[in-house]
Amino acid sequence: MQVAEVDSKTKSIDPVILVVDDEADMIDLFRDVVAPAIKCKMYVARDMAEARRMLTKHQIELLIADVHLPDGTGIELLEELKLTSPHAAAIFMSQKPQVDHTIFALRHGVMDYLPKPFTADQIHGHVRDALQKQAINARNEKRLTRLKSAVRELNKARHTVSQKVDILCNDLIQAYGEVAAQLLDVRLGDSFRKTISSSKDLEQMLCHAMDWLLKEAGYSNIAIWLAGDESVFELGAYMKYTVVGDKKVIETLHSSLVQPTVREGFMHLSDQEFNQLLQPAERKILPAQTVMSASCTYLGESLAVVMLFRDGKCPYRDEDEVMLKTIASVFATQLATIVKGDGSVASADADEIDPAGDIWEGESDQEAEPKPKPKSNKKKKDQADADWWKRGEPPPF
């Protein structure tokens, strides 16, 4: 028998109670006395099977069940109660209370365990207290659920903010790297410009340029080719580090690198890559050399090609590549200034430079040093220091 049944989908502000007992007198007591006094919606069931149907059909706030039922124990309903109405409270009653049943029920959240018989006033007080505690617990559970939901949303927001901060930091790092690279280009270009701008003639400019390149890139063989009539490039200067600049070496460099560098603008070759450009006979002349070469252009015209090469066991760094690319335009501009001032590229100056460049093997001053110019001993000391190559001296660094 059931009373006061409402549609399970209808939400009521009155608490809903399910009474499970096979005694008709107990059903009448709850239906006629307790329900009107407490103002609640009450459903009744006489056995376990009917109680399970009620639990699946209705959302309840309080379960009142006898421990001993015709088809089982009321304590078995606790599991179904937590699944269907997780915030519900429970009261159990029995004519013959057992210690193990009592302990089990209390450990599983049962609020009360009443021995039968009891009066209407007694059960009324227990039911009222249970409903009050259940309402408080339900509110706390809902607050906790909302709090957990808010924490999850905050964690999502924090994760989103963290991702945006990471992206911003990466952008800042990238921007800093780009600015640092630009400042490095400016520093290199300014340093090289100051070094060669004080040159009095083409010969001295080549000396100062090679002196600066050695300090920046480390010891290397250096060849500078100058554009002549009809864009024919001729050797303007050669500095030996490990390879003597004899005729075969010069011809090999010219045939394998000059025009490709003019076409490409810049070349950076490992020893294996450079080896592939050479003929079998040329590989014996320049074995295992790593190369950097840059075309120095001014107003779209290549005025010079600067080459650095050394043993492949000492490859050039990325910083060396940036350096050579940076100074190429500066070198071309200064070269154009000198050419414009003299009216020619001054090939005679280039011819005075010893192509063999054996300045580190103790050749005489007559072989390595160009003819002195008038008043050369009156040059400033900082200019004279960079002319060590021209005088056939070992490098001062």
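The values are calculated or read from the model by the stated rules, or taken from the named source; none is laboratory data. Treat the numbers as computed from the prediction; the structure is a model and nothing was measured. Neighbour counts are summed over all protein chains in view; Cβ atoms, including those assigned to glycine, are modelled from backbone coordinates with ideal geometry.
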Inside the stretch 170-199, the number of residues satisfying the requirement of being modelled with pLDDT of 85 or more and either hydrophobic (A, V, I, L, M, F, W, C) or out of contact with any helix residue (DSSP H, G or I) (no Cβ under 7 Å at 6 or more places or on another chain) (or both) is 5
Exactly one of Glu282, Glu273, Glu321 is in a helix (DSSP H, G or I), acidic (Asp, Glu) and under 20 Å from Met210 (Cβ atoms), and that residue is Glu321
Please tell me if Ser149 is modelled with pLDDT of 85 or more, hydroxyl-bearing (Ser, Thr, Tyr), surrounded by 13 or more Cβ atoms within 10 Å (Cβ to Cβ) and not assigned by TED's automatic domain parsing to the domain that holds Arg31.
-> no
Answer yes or no: is there a residue in the stretch 132-139 that is among the charged types (D, E, K, R), outside any helix (DSSP H, G or I) and touching a residue at least 12 places away in the same chain (Cβ under 8 Å).
-> no
For the stretch 287-304 the number of residues that are outside any strand (DSSP E or B) and buried (at least 22 other Cβ atoms within 10 Å of the Cβ) is 0
Inspect all residues belonging to the stretch 223-233 and state whether any of them is under 45 Å from the mean Cα position of the chain (by Cα) and surrounded by fewer than 20 Cβ atoms within 10 Å (Cβ to Cβ).
-> no
The stretch 242-273: number of residues that are buried (at least 17 other Cβ atoms within 10 Å of the Cβ) and of a type in the set (Gly, Ala, Ser) | 2
